[in-house]
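Encoded as structure tokens, the structure appears first; notes follow it.
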Amino acid sequence: MNVKYAVIPCAGKGTRFLPITKGVAKEMCPIVDRPTLDYIVQECVDGGITDIVFIVSRDKDDIKKFYTRDERYEQELIAGNKEEFAKSIRDITTKANFHYVIQEEQLGLGHAVLLAKEIVKDENFVVCCGDDICTYSNDAPVKQLVDAFIKTNGHTVVGGQKVAHENICKYGSMGIEKQLSDRLYKINKIIEKPKPEEAPSDLASLGKWVFNARIFDELENTPRGKGGEIQLTDAIDRLREKEDVYFYDFDGKRYDCGDKLGYIEAIIDVALSRDDLKDGVIEHIKSLNIK
């Protein structure tokens, strides 16, 4: 039941955030003073993950640079009496083992996950989308999902939350066979981006999964679907015909940082959660006299 790997697809072009993404990886856009991606990495680490596999395109060198130790820069900071900053950049590079796989073609999320097979092999693993971050005061959502994975004897767990009915058309909607506990459900289907009136429930898949290695077999045999891409949801549905698949309604506040408004909300909320910024941010907001 051990889960030590996390796979984070990061090869997308980030067209919704142009022009900044012409020169900066979307995942590296900052939330205050840390890249969006690092909030996801930290959630994985908080969930017990020791190895992070980034699926990247050839032009995303900034991700690897951020997670590779730069001892010369550390020494420059120390020489300038900035030991705290030196420690902060060193700690980033040592909190997990980082691996990189290049996705040459954009063939879908399922294809990106399949590329991790050469590193993950037959191990269990987590997948987290590079657009979604969560804040949490108790267990990290990734840990909650891993715990559910163990509870279900190593069967696939789809992570998500209940969304407003009118918004279910943006996500995969869960068909529920039975509810096993307050947050754990056994599912009998997933409908991708249904019309609200056709959605089996308002429980939505939100970019986090825990898989056993059998998902790789399904991905290898899943025909290309919408947009000519290998869809992860299609592979999960194929797997569901052979074994149980579950949904876990995780606790935590989720932000869609692939959406400009969601990204701005994340910046504001993170700033308000920090003792060094909270008072100044509140004072600024009050000064705007927004009605």
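Pairs K178/K208; K226/K260; K22/K242; K151/K189; K4/K82; K195/K253: which exceed 31 Å Cα-Cα? Among K178/K208; K226/K260; K22/K242; K151/K189; K4/K82; K195/K253, the Cα-Cα distance tops 31 Å for K22/K242; K4/K82. Across region 62-144, the convex hull enclosing all Cα atoms gives 145 Å³ per residue.
Stretching the chain fully between L261 and D33 yields a gain of 80.2 nm (0.36 nm per residue, less the alpha carbon separation).
Accessible surface calculations at 1.4 Å, restricted to protein heavy atoms, place region 101-238 at 44 Å² per residue. Our summary gives region 1-152 a relative contact order of 40 percent, counting only alpha carbon pairs under 8 angstrom and 6 or more residues apart. Only protein atoms count toward the accessible area here, which uses a 1.4 Å probe; on the chain, the carbon and sulfur part of that area reaches 48 percent.
Solvent exposure of R90, expressed as accessible area, is near 70 Å², computed with a probe of 1.4 Å over the protein chains only. Derived scalar couplings between HN and Hα for region 131-148 equal 9, 10, 10, 10, 10, 7, 10, 10, 5, 4, x, 4, 5, 4, 5, 5, 4, 5 Hz in order, rounded to whole Hz, by the Karplus curve 6.51 cos²θ - 1.76 cosθ + 1.60 (θ = phi - 60°), x for Gly and Pro. Dividing the Cα radius of gyration of region 1-150 by its Kirkwood radius returns 0.98 for Rg/Rh. Note on V127: accessible area is roughly 0 Å² with a 1.4 Å probe, heavy atoms of protein only. Note on S201 and N153: the model spin-label points, each 7 Å out from Cα along the C-beta direction, lie 2.1 nm apart. Rolling a 1.4 angstrom probe over the protein heavy atoms with all chains in place gives region 1-81 an accessible area of 51 Å² per residue. Kirkwood's formula applied to the C-alpha pairs of region 231-270 gives a hydrodynamic radius of 12.8 angstrom.
Annotation: region 168-291 has a Kirkwood hydrodynamic radius of 17.4 angstrom, from the mean reciprocal C-alpha pair distance.
Taking every DSSP bridge with both residues inside the chain, close to 60 percent are antiparallel.
In units of the compact-protein estimate 2.2 N^0.38 Å, the chain shows a Cα radius of gyration of 1.03.
Kirkwood radius, region 193-244, all distinct C-alpha pairs, inverse of mean reciprocal distance: 12.5 Å. Sorting M174, M1, M28 on solvent-accessible area from highest to lowest, probe radius 1.4 Å, gives M1, M28, M174.
The values are calculated or read from the model by the stated rules, or taken from the named source; none is laboratory data. Quick caveat, the model's predicted, so the values are computed rather than measured. So basically every Cβ, Gly included, is an ideal-geometry build from the backbone, and we count neighbours across all protein chains shown. Please note that ligands, DNA and RNA were not included when accessible areas were found on the heavy atoms of the full protein model with its side chains. Shrake-Rupley method; radii C 1.70, N 1.55, O 1.52, S 1.80 Å.
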